[in-house]
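No lab work stands behind these numbers, since they all come straight from the coordinates. Remember, predicted model here, so these are calculated numbers, not experimental data. Cβ: placed from backbone, ideal geometry, glycine included. Neighbour counts: every protein chain shown.
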Amino acid sequence: MRLIEGTYGIAVLHADFPDRIVVARNGSPVVLGIGEKEMFVASDIAALVAHTRQIVTLDDGEMATLKADDFRTYTTEGTRTTAEPTTVEWEAASYDMGGHDTYMHKEIHEQAEAVDRVLRGRIDDRFSTVHLGGLNLDAREARRIRRVKILGCGTSYHAGMIGAQMIEELARIPADAEPASEFRYRNAVVDPDTLYIAVSQSGETYDVLAAVQELKRKGARVLGVVNVVGSAIAREADGGIYVHAGPEVCVVSTKCFTNTTVAFALLALHLGRTRDLSVRDGRRIIEGLRRLPGQIAEIMEQEEEIKKLALEYAEARSMLFIGRVRGYPVAREASLKLKEVSYIHAEAYPASELKHGPLALIEPALPTVAIVPDDDLLEKNRAAMEEIKARSGRIVAVAHREQEKADHTVVVPKNEDELDPILLGIPLQLLAYHTALALGRDIDKPRNLAKSVTVE
Ligand code: M6R
């Protein structure tokens, strides 16, 4: 192993030692499953839960030898390490399709229940705040934070964009999100008063892990917002929040996105209540959070309507997604969803930037999806739709009430302004799904993509 360079997660068999497997990890996940007189090795816990719940996750630079009734772990230098098995709580049944044709469909429909889970046991009505046990950040430290920087890739980055807005709005701490894949290469200034937050469904995305390791090396405090318990990023971080979405099998992330945005709402509320967010506003946000599962169920009832829209627009070669401020990250995520699962080109733009270029693209063949929340930017969003209509563009609005300028409106239940982004993207997951279905795509495994991107 000392001779091997680069990123790997490997399992090796030798013909002269048929009773053992040697495995090693550097950058790519390796998980051991401890059974009764049998051992398993995999790159993902998902592959093991049908056989055992006792799991050992190797660290980077660690290797193990497995025999049917024993395992030992070492550093690649040969020093013994201790590895206590942990019990995973995910049920093997979570990996069934449960009557759905695809995991994506199942996971979209699991969202009301998943959101209920991320909220469970965390709300503190007495002080109108939340308890986040694993945060490892006391109130004094929380008050000293001067900035928040959120790092993630793909969908997790988009959830981070929403999280940054929530933190700014509720806690009044300057916050922004950046792709971890860019951050790690730009020799960023690491500031001791900044709280860094790494976001990842799998907890194994190499670009995010590398950014965390670089930050830690420079002495930064890094929290993780992660779905997979015990994953590399969760272990590397100083503390964090598990998003408790349950296993997500489809390569295209849906329920984890939603649960991550809810986890950020909890963090924003917590930080806000250690600072200047009033009890009244805290209560307002808590009531909004409690409404979410019921409102997600209401969105699911519109599936047939959304399916009809998908059939109407599946012919498009390209689609534009627009939104302002709270609606913009929603537009970004919806555009990613459509492109990765249906292979239709999609572009997201801030609605405020239309006149600076993208208006030139507008014609009947380029449909626009506009995110139009009922907030203080409603009139601005309506004006953008008018500009598009004047150039014969077709519009689907995702809004809190019918929009006359749009050809179709998907009406989403209204929550508190700050929490609206959590719901606005959900009908667009269904739109992406039904478009991909109509086009006969490989929904759970889109071409050229992997669930966990554990390579550079
Ligand atoms: O496991 P992670 O959240 O770190 O994964 C990050 C991205 O690779 C992931 O979100 C990707 O963009 C998905 N295909 C989105 O559906």
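Things to note:
- Matching entry among ALA406, ALA397, ALA436 (being surrounded by 22 or more Cβ atoms within 10 Å (Cβ to Cβ) and assigned to a loop (DSSP other than H, G, I, E, B)): ALA406
- Within this structure, GLU236 fails the test of being within 16 Å of the ligand (Cβ to nearest atom) and closer than 15 Å to VAL115 by Cβ.
- Each residue in segment 55-84 was checked for being farther than 28 Å from GLU5 by Cα and in contact (Cβ under 8 Å) with a residue 40 or more places away in the chain, and 1 pass.
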